[in-house]
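Worksheet: one structure, shown below.
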Amino acid sequence: MGVLAGAEPFSHPGSSGAGFLLCHGFTATPDGMRAWGGHLAAEGFAVRCPLLPGHGTHWREANRTTWQDWYATVREALLALRADCDQVFVGGMSMGGTLALRLAEEFGADISGIVLVNPSVTRLGLDAKVLPLLSRVVPSIRAIGNDIAKPGEVELAYPRTPVRAAASLARLWKIVRADLPKVTQPVLLLHSRVDHVVEPENSQIVLDGISSTKVTEVVLENSFHVATQDHDAELIFSRSVDFARQLRAGQVGAG
């Protein structure tokens, strides 16, 4: 099945020697990261944002993939970026944040810092508890996309949530949570005060679980879940640039 218009992966060459890997969210596409990537590129960063397997086509395609497929894709993109850059950062939103954390757990100091926007590592609702059973009998449930406060802004995401794929994501959450102490890189975590998709407990679990000594938490007051397309988008973009530049200069501190 062909890729939807606007869902294509993107990349930008850099001029600074530093690179940013961006990871999009579950049922979403690189379209939601495109403005962020463009901002980073304009500031001299090389940028890669792959399209995750099973995304950007039809939700049924996602049910034929697993978290291992998604992780293999971002891992490959990270290795390619590392080959071209002397320093690499990883940014992710929602499940993209989950994947960014997993990369940080695996690659350690080879990643200089991570930027997390409304990262997901669990779901507390009843639907999460019945996902394993539900995935055997129901192919999809209501959509989770398009949680945006900004009028007129639309996320390019699936109109249904693929349940089998969601059950695989839940398995990834468990692995990532267990290995959070392996995350030692500087972290910039930005999370929306009001988020109808990822519960606020997710960011707190991350903050409590990681071993990083350099952590900056930013509360997004004016955005819902898809914050990279919402009122606080420019704040996310500018803070991620400042974070990376300070790290390159050896100046990042906690707080």
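Probing with 1.4 Å while keeping every protein chain in the model, the per residue accessible area of the chain equals 42 Å². One Cα centroid belongs to segment 163-197, the other to segment 57-76; the line between them spans 16 Å. Ligands, DNA and RNA excluded, the heavy atoms of F89 present near 0 Å² of accessible surface to a 1.4 Å solvent probe.
Peptides 222-229, 200-207, 77-84 ordered by packing proxy, namely the average of other Cβ atoms within 10 Å per residue, highest first: 222-229, 200-207, 77-84. The listed residues M93, M1, once ranked by accessible area (1.4 Å probe) with the largest placed first, stand as M1, M93. Once a ≥ b ≥ c are taken as the square roots of the eigenvalues of the Cα gyration tensor of segment 155-255, is the result rounded (a/c under 1.5), prolate (a/b larger than b/c) or oblate (a/b not larger than b/c)? In terms of gyration-tensor shape, oblate. When Lys and Arg each count +1 and Asp and Glu each count -1, what net charge do the other residues less than 15 Å away from A83, Cβ to Cβ, add up to? Overall, the nearby charge balance is -1.
Between the DSSP loop rule and a limit of at most 12 other Cβ atoms within 10 Å, which trypsin sites (Lys or Arg not before Pro) in segment 169-211 are left? Provide the component values of the computation, followed by the final result.
On the way: sites: R171, K174, R177, K182, R193; in loops: R193.
In loop regions of segment 169-211 (DSSP not H, G, I, E or B), the sparsely surrounded trypsin sites (Lys or Arg not before Pro) are R193.
Could you tell me what percent of the accessible area of segment 10-253 is made up of carbon and sulfur, with a 1.4 Å probe and every protein chain present? The nonpolar share, carbon plus sulfur, comes to 51 percent.
The values are calculated or read from the model by the stated rules, or taken from the named source; none is laboratory data. As the structure is a computational prediction, the values presented were derived from the model and not from experiment. Using ideal geometry, Cβ is built from the backbone for each residue, glycine included, and neighbour counts are taken over all protein chains shown. Only protein heavy atoms, including side chains, enter the accessible area calculation; ligands, DNA and RNA are left aside. Shrake-Rupley method; radii C 1.70, N 1.55, O 1.52, S 1.80 Å.
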